[in-house]
Amino acid sequence: MSLGPGENEVRKLQSTGGSTFTVSLPKPWVVAQGLNARDSLRVDWRPSGALKVTPLDAQIRVSQRAYFSTKKLPDNSLHDHLMGAYISGSDEIHIEHQPSEQKAVSVQVRRFLRSTRGFEIMEEQPAKTEIRCLMNAGDMPLHASLNRMYLQVTSLARDILSVFDGEDREYITDAEERENEVDALLYLIERQVRILLDSHLVATQLNLTRTQALEYANLARSLERMMDHAFSIATLVLEHPKLTKNMIEMTPLEQLPEWQSSLKELMINIRTRDSTRIEAARHDLKKCQHRLIDHEQNLLKNYRSNEWMAFDLRLSESVRRLCAYARDFGEILLNMKVFSELQR
């Protein structure tokens, strides 16, 4: 019985010399790879202890394609299916549709292109549309995307503080654009991690193990959630211009610089992984959370007006959640540090 894809069997190790051991390869696999005697193979010793054997000139990864027909999709679900294909690692997406649907499909495809990185329209006809990814999954380091997410989140928080300090609200009118950028970077990281899990060569390009990649995805999700709350604060400020004039001494706003400082320290420790500094930053964030909880409880007992109280409570909750997600960020860093130090 021949070994086929997805199957396994036991093969015995043979000793062919004082320091050499060999194991035979399944003939169907050798034939499928187009190999001959004396061809070179790449042998990778994975952190899990497994050995990965691939032809030396093998492609980085096999191209993945997704096919959709609007006839078979629920109404108004094309964009969601496109995003699913993107995050799952698809390199080409083919869409079949009726000529009467071309404009509606085009709108959803353009929305998809704004939410992703690397995809372009390759063919657009009345009954079909093809889009293709032109970016290699191993080209963009994950830490570079994380750093870009961090800069977008903290710059919006900084601009929000400047508006409370009297600056023009024009500084934060692009908050939605910044949030969309962070969302797109999260989707990119999730896509890269999915591809990395299937391709050890992409993992080698990104210089990450599978465990590290998953933790990077967790860090990205924490930053995306922080951006959600920074965007909520920006929206709150834009909707209530009269309540935001010269209110920089409000308790929630006093905690934002503490959050920024702690998050900066945690970002530094993505690479340095100093547990003392990570724990110190998490402790500072916890103190900010407790101050905000006390502030909210006091506010409910001694409110000035319904409108003012509602504004302050919403502001306080968003800042408190910024601190909570930053603490989660620190916890992930500690997990990464401990994992890297496990004795094997």
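Where a number appears in this text, it was derived from the coordinates with a stated rule and is not lab data. Every value quoted in this text rests on a predicted model; they were computed, and no experiment measured them. Every residue, glycine among them, receives a Cβ derived from its backbone with ideal geometry; neighbour counts consider all protein chains shown.
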Nearest 10 degrees, 0 to 90: what angle lies between the long axis of helix 275-301 and the longest principal axis of the chain (Cα atoms)?
40
Which of ARG273, ARG191, ARG65 moves the most in a Gaussian network model of the chain with Cα springs under 10 Å?
ARG65
Taking placed amide H atoms and a strict 5 Å upper bound, the residues 5 or more places from ARG42 or on another chain that come that close are THR54, LEU56
With only helices counted (DSSP H, runs n ≥ 4, each -39500 (n - 2.57)), the per-residue ellipticity at 222 nm for the chain, to the nearest 500, works out to -20000 deg cm²/dmol
Compute the whole-percent fraction of alpha carbon pairs in the stretch 65-133 spaced more than 20 Å apart.
15
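Taking the convex hull of the alpha carbon atoms in the stretch 14-55, what volume per residue do you get, in Å³? Provide the component values of the computation, followed by the final result.
Values: hull volume 4.2 nm³, N = 42.
Normalising the Cα hull of the stretch 14-55 by residue number yields 101 Å³.
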Percent relative contact order of the stretch 65-133, based on C-alpha pairs within less than 8 angstrom and at least six residues apart?
35
For the chain, give me the percentage of DSSP beta bridges that are antiparallel, rounded to the nearest 5 percent.
75
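With contacts defined as alpha carbon pairs under 8 Å and 6 or more residues apart, what's the relative contact order of the chain in percent?
Numbers: 397 pairs, mean separation 45.5, N = 344.
Across the chain, relative contact order equals 13 percent.
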Can you give the direction-averaged projected area of the convex hull of the alpha-carbon atoms in the stretch 200-344, in nm²?
10.4
In a GNM of the chain with a 10 Å cut-off on Cα contacts, which of LEU78, LEU292, LEU300 has the highest mean-square fluctuation?
LEU300
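How would you rank ARG111, ARG321, ARG327, going from fewest to most other Cβ atoms within 10 Å of each one's own Cβ? Walk me through the numbers before you get to the answer.
Working: ARG111 14, ARG321 18, ARG327 23.
Fewest-to-most Cβ neighbours within 10 Å comes out as ARG111, ARG321, ARG327.
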Got a sec to turn the phi values of the stretch 166-179 into Karplus ³J(HN,Hα) couplings, 6.51 cos²θ - 1.76 cosθ + 1.60 with θ = phi - 60°, whole Hz, x for Gly and Pro?
x, 6, 5, 5, 4, 4, 10, 5, 9, 4, 5, 4, 5, 5
Eligible lysines near LYS264 by straight Cα distance, threshold 25 Å, same-chain separation 8 or greater
LYS286, LYS287, LYS337
Which lysines, on any chain, are close to LYS27 with Cα under 28 Å apart, when same-chain ones fewer than 8 places away are left out?
LYS12, LYS52
Cα-Cα pairs of the chain separated by more than 40 Å (percent)
32
Using Cα atoms only, what is the angle between the long axis of helix 210-239 and the major principal axis of the chain, expressed in degrees (0 to 90) to the nearest 10?
30
What's the exposure ranking of ILE172, ILE160, going from fewest to most Cβ atoms within 10 Å?
ILE172, ILE160
Can you spot the lysines whose alpha carbon is less than 28 Å from LYS72's alpha carbon? Ignore those fewer than 8 places along the same chain.
LYS103, LYS128
Quick one: work out the % antiparallel among DSSP beta bridges in the stretch 65-133, nearest 5.
65
In the Gaussian network model of the chain, springs joining C-alpha atoms below 10 Å, which of ASP80, ASP183, ASP57 carries the largest mean-square fluctuation?
ASP57
